[in-house]
1. Select, from ARG160, ARG120, the only residue that is modelled with pLDDT under 95, away from the ligand (no atom under 12 Å from the Cβ) and surrounded by fewer than 22 Cβ atoms within 10 Å (Cβ to Cβ).
2. Against the conditions (1) closer than 18 Å to TYR23 by Cβ; (2) in contact (Cβ under 8 Å) with a residue 60 or more places away in the chain; (3) touching a strand residue (DSSP E or B) at 6+ places or on another chain (Cβ under 9 Å), where does ALA227 fall short? Just the number, please.
3. Suppose the filter is within 26 Å of MET199 (Cβ to Cβ), among the charged types (D, E, K, R), away from the ligand (no atom under 11 Å from the Cβ) and assigned by TED's automatic domain parsing to the domain that holds ALA132; does ARG64 pass it?
4. Going through LYS78, LYS115, LYS56 one at a time, which residue ends up being among the charged types (D, E, K, R) and in a loop (DSSP other than H, G, I, E, B)?
5. Have a look at LEU242, LEU249 and point out the one that is among the hydrophobic types (A, V, I, L, M, F, W, C), over 18 Å from MET134 (Cβ atoms), touching a Ser or Thr at 6+ places or on another chain (Cβ under 7 Å) and not assigned by TED's automatic domain parsing to the domain that holds CYS39.
6. For the stretch 181-218, enumerate the residues that are within 11 Å of the ligand (Cβ to nearest atom) and of a type in the set (Val, Ile, Thr).
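The values are calculated or read from the model by the stated rules, or taken from the named source; none is laboratory data. All values derive from a computational prediction rather than experimental measurement. Glycine also receives a Cβ, built like all others from the backbone with ideal geometry; neighbour counts cover every protein chain displayed.
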Amino acid sequence: MTSFPERVFSGIQPTGNLHLGNYLGAIVKFVALQKTHECLFCVVDLHAITVPQDPKELRQAIRRIAAAYIASGVDPAKNIIFNQSQVAEHAELAWIFNCVARMGWLNRMTQFKEKAGKDRENASIGLFAYPALMAADILLYKATHVPVGEDQKQHIELARDVAQKFNNDFADSIAANGHQGGFFPLPEPLIQGPAARVMSLRDGTKKMSKSDPSEFSRINLSDDADAIAQKVRKAKTDPEPLPLAKDGLGGRPEAENLVGIFAALSDSTPDAVLQQFGGSQFSTFKQALVDLAVERLGPIGAEMRRLEADPAYIDSLLREGSRRAREIAEPNMCQVKDIVGFIR
Ligand code: AQP
């Protein structure tokens, strides 16, 4: 297998409010990776319409994700920040991948099962085919690393399967077109960290998610200090004090979640957090968590609001980012067409 230059790709859907799970599971990693890697950070608006969206709200949500990237510290000059629908090659490659991926693979995707729920027959074809589009997003740029939360692991595995099958199915044509080894890399998920799966503040066994009907289940990046304090204070806990070490968090999902959030927000580890707070009551720990969350998230929310007040500026950044993304996408897509046997 050819070795590919390292390149990072990731994206967030412009649906609902960005929450602490999106921030700690994804955006914090983007900020770190930009120091060492060439990165593309996408607002995946084609994914958003796999469920119904109000067009006016969608436009605002696209700008909000771009604002969140920048407000969190992703540099739009150094990295490519863009929205997926401005680069038509995502949809083109996704179609080819729809013809590479197998029904059986997609049938196993747990996110589809969760999102479609009981009304599977009424789910959009886009929702079912979502992982093939996600594979296209990543592989269009031959990205080698994909920073995501744990919930996306299965989709990255599918992207690897798609890349592998394309490389095998078209091996002769890939060679005939002058490419050594496989055409696509097998992308690696970057998941590690204490907040790979941030859980709901109301139920430590459920993922924190944009679509949870309870506002108290999540901290939004746009929350002000009062809202953050209220949500942390109301967060579900158990009656025991915090344990002295990580082992003592077993069977205590809410405690484990809050300790993990504290660790991630303070760039520390759960063990280090418990060295400081082991034996404390939740009231003491929650106050410290409020202070930390407000200190860390407050400036991001304020900067997001400032950026969102200037939509023309964000739109121009997205246009420029999309132009830069197309510079990579177009030649790769031309090569894919040659390999598949299309005339262009
Ligand atoms: N709870 C979470 N903990 C850690 N990481 C998370 N991510 C999402 N929730 C958590 C990560 O955030 C990135 C962007 O997610 P997305 O918006 O593209 O998709 P999503 O997983 O559908 O987000 P939600 O909040 O869970 O939305 P709904 O409620 O619609 O299902 C990804 O890297 C994801 O792993």
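1. Values: ARG160 fails: modelled with pLDDT under 95.
Residue meeting the stated conditions: ARG120.
2. It is condition (2) that ALA227 fails.
3. Details: within 26 Å of MET199 (Cβ to Cβ): yes; among the charged types (D, E, K, R): yes; away from the ligand (no atom under 11 Å from the Cβ): yes; assigned by TED's automatic domain parsing to the domain that holds ALA132: yes.
Yes, satisfied.
4. Numbers: LYS115 fails: in a loop (DSSP other than H, G, I, E, B); LYS56 fails: in a loop (DSSP other than H, G, I, E, B).
Sole residue among the options that is among the charged types (D, E, K, R) and in a loop (DSSP other than H, G, I, E, B): LYS78.
5. It is LEU242.
6. Listed by number, the residues that qualify are ILE191, VAL198.
Per-residue answers, yes or no, for (1) near the ligand (Cβ under 8 Å from one of its atoms); (2) in a helix (DSSP H, G or I); (3) crowded, with 24+ Cβ neighbours inside 10 Å:
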| site | (1), (2), (3) |
| --- | --- |
| SER3 | no, no, no |
| GLY16 | yes, no, no |
| THR36 | no, no, no |
| PHE41 | no, no, yes |
